[in-house]
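Visitor: Dropping the structure in here first, questions after.
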Amino acid sequence: MLNHIDKLILLYELLLTVHILLFNHNIPDWIGHIQLNIIISGWILFSAWAAKHVDRQPFKFLHTFYPIFLLIWHYPQACELRYSVIPFSLDHIIYEWDLVLFQLPLYEILPKKLNLMGLELFHFFYFTHYLILGIPAWIVYKSRHPKIPEYIFVLTLTFIIHQWFLIFIPADGPVLLRQEIMPDGLLFIPIMNLIYQLDAGGGAFPSLHVAGTLITCIYANTFLPKLKPLWIFAFAAITISTVICSYHYPLDSLIGGITGWLCYIYIPRIYDYMHRK
């Protein structure tokens with residue numbers, strides 16, 4: 001009844017619960033986190049049962065794509081747990097490394113060189129990360145594209161790995177500078193401000209935004225190869241937007257691209273091994 005993705009996420013929920021119990025003294029509302037893990041685990045079991053016993057939509061669709069929707073809870077939860085092991089931010093170290101590598105604070109200089117419409121455009125690019133995770137796979141869902149399960153597995157494990165990075169390497173990025181740099185905006189700047197009010201973020205190193213976008217664009221090219229220029233542009237635009245919108249240091253995004261690429265190289269091998277068993 002449970003597929004490999006279900007088992008993967010249930011294992012993550014179990015390990016996360018053990019982590020919370022071990023470091024509960026550093027975690028406000030640690031009981032709430034455990035309750036959330038139990039609810040998510042219950043949903044996974046229910047969706048797997050429903051997909052097998054109810055031969056109709058939307059149960060099969062939801063069971064296929066629920067890992068993408070789970071990111072609404074998983075990423076903010078990882079950010080809230082980022083001080084559970086190291087109870088302070090490592091931003092000062094990453095900031096120094098970034099200046100050594102790039103010489104200039106690009107996350108502060110670049111947005112000041114753009115007008116309001118330019119900043120709105122790059123906030124739109126940043127926002128499209130949330131859409132691109134699902135849309136390419138949804139488009140080919142009815143044709144039962146054989147790579148969809150692999151994509152969901154690779155994306156899910158990529159996010160899980162990076163969520164552990166967020167927990168063990170607490171860093172906020174330059175997001176606090178946005179109040180000084182960014183205008184109020186018209187549409188996408190306010191949308192992103194609202195998202196960060198609901199989810200304060202704080203998981204900046206390495207950039208999950210970049211790693212997830214890289215995985216998605218590679219598989220999107222598999223799903224819809226005629227749109228290859230669009231996927232290349234989307235990856236480049238979203239990656240650049242992480243710096244221009246002052247959410248990440250360039251170093252965060254660079255390392256996110258490297259870790260995302262490593263995930264793309266090695267996680268499909270894990271999937272193939274599990275699939276053959």
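Visitor: Which condition from (1) in contact with a Pro (Cβ under 8 Å, 6 or more places away or on another chain); (2) over 29 Å from Ile148 (Cβ atoms) is the one that Thr259 breaks?
Guide: Status for Thr259: all satisfied but (2).
Visitor: Also: If I ask for residues that are at pLDDT 85 or above, among the hydrophobic types (A, V, I, L, M, F, W, C) and in a loop (DSSP other than H, G, I, E, B), which ones from segment 204-218 would you list?
Guide: If the condition is that a residue be at pLDDT 85 or above, among the hydrophobic types (A, V, I, L, M, F, W, C) and in a loop (DSSP other than H, G, I, E, B), then Phe205 is the only one that fits.
Visitor: Within segment 174-223, which residues are among the β-branched types (Val, Ile, Thr) and within 30 Å of Pro146 (Cα to Cα)? Spell out the reasoning first.
Guide: Start the filter on segment 174-223 by keeping residues that are among the β-branched types (Val, Ile, Thr), which leaves 175, 181, 189, 191, 195, 210, 213, 215-216, 218, 222.
Residues satisfying the conditions are Val210, Thr213, Ile215, Thr216, Ile218, Thr222.
Visitor: Show me the helices (runs of 4 or more DSSP H) entirely contained within segment 111-203 in which 3 or more residues are in contact (Cβ under 8 Å) with a residue 60 or more places away in the chain, more than 16 Å from the chain's Cα centre (by Cα) and buried (at least 19 other Cβ atoms within 10 Å of the Cβ). Please lay out each step first, then the result.
Guide: Details: elements: 116-132, 135-139, 148-168, 178-181, 188-198.
Counting at least 3 such residues, we get 116-132.
Visitor: If you go through segment 79-115, how many residues are touching a Gly at 6+ places or on another chain (Cβ under 6 Å) and at pLDDT 90 or above?
Guide: Initial filter on segment 79-115 (touching a Gly at 6+ places or on another chain (Cβ under 6 Å)): 79, 82.
Right, trim to at pLDDT 90 or above and you get none.
Residues that pass the stated criteria total 0.
Visitor: Sticking with this one: May I ask you to verify whether Lys7 is assigned to a helix (DSSP H, G or I), touching a helix residue (DSSP H, G or I) at 6+ places or on another chain (Cβ under 8 Å), among the charged types (D, E, K, R) and without any contact (Cβ under 8 Å) to a residue 12 or more places away in the chain? Spell out how you get there, then give the answer.
Guide: Working: assigned to a helix (DSSP H, G or I): yes; touching a helix residue (DSSP H, G or I) at 6+ places or on another chain (Cβ under 8 Å): no; among the charged types (D, E, K, R): yes; without any contact (Cβ under 8 Å) to a residue 12 or more places away in the chain: yes.
So Lys7 fails the test.
Visitor: Considering only segment 214-234, I want to know if a residue exists there that is touching a helix residue (DSSP H, G or I) at 6+ places or on another chain (Cβ under 7 Å), of a type in the set (A, V, I, L, M, F, W, C) and over 26 Å from Ser143 (Cα atoms). I'd like the intermediate steps shown before the answer.
Guide: Within segment 214-234, the subset touching a helix residue (DSSP H, G or I) at 6+ places or on another chain (Cβ under 7 Å) is 214-221, 223-224, 228, 231, 234.
Subsequent filtering for residues that are of a type in the set (A, V, I, L, M, F, W, C) retains 214-215, 217-218, 220, 223-224, 231, 234.
Still in the list and also over 26 Å from Ser143 (Cα atoms): none.
No, there is no match, as no residue in segment 214-234 is touching a helix residue (DSSP H, G or I) at 6+ places or on another chain (Cβ under 7 Å), of a type in the set (A, V, I, L, M, F, W, C) and over 26 Å from Ser143 (Cα atoms).
Visitor: Is there a residue being modelled with pLDDT of 95 or more and under 17 Å from Tyr75 (Cβ atoms) anywhere in segment 229-237?
Guide: Going residue by residue through segment 229-237, those that are modelled with pLDDT of 95 or more are 229-237.
This time we only want the ones that are under 17 Å from Tyr75 (Cβ atoms), so: none.
No, segment 229-237 has no match at all.
Visitor: Filter segment 47-83 for residues that are over 20 Å from the mean Cα position of the chain (by Cα) and not hydrophobic (A, V, I, L, M, F, W, C) and give the result. Please lay out each step first, then the result.
Guide: So the first thing to find is which residues in segment 47-83 are over 20 Å from the mean Cα position of the chain (by Cα), and the list is 47-61.
Passing the criteria: Ser47, Lys52, His53, Asp55, Arg56, Gln57, Pro58, Lys60.
Visitor: To continue, here is another question. Looking at segment 23-72, which of the residues that are part of a loop (DSSP other than H, G, I, E, B) and touching a helix residue (DSSP H, G or I) at 6+ places or on another chain (Cβ under 9 Å) is modelled with the highest pLDDT? Step through it out loud before you land on a result.
Guide: Going residue by residue through segment 23-72, those that are part of a loop (DSSP other than H, G, I, E, B) are 23, 27-29, 54-58.
Next cut, touching a helix residue (DSSP H, G or I) at 6+ places or on another chain (Cβ under 9 Å) only: 23, 27-29, 54.
Details: Phe23: 93, Ile27: 89, Pro28: 86, Asp29: 86, Val54: 71.
Taking the candidates together, the pick is Phe23.
The values are calculated or read from the model by the stated rules, or taken from the named source; none is laboratory data. These figures come from a predicted structure and were not determined experimentally. Because the Cβ atoms are built from the backbone with ideal geometry, glycine has one as well, and the counts that use them run over all protein chains shown.
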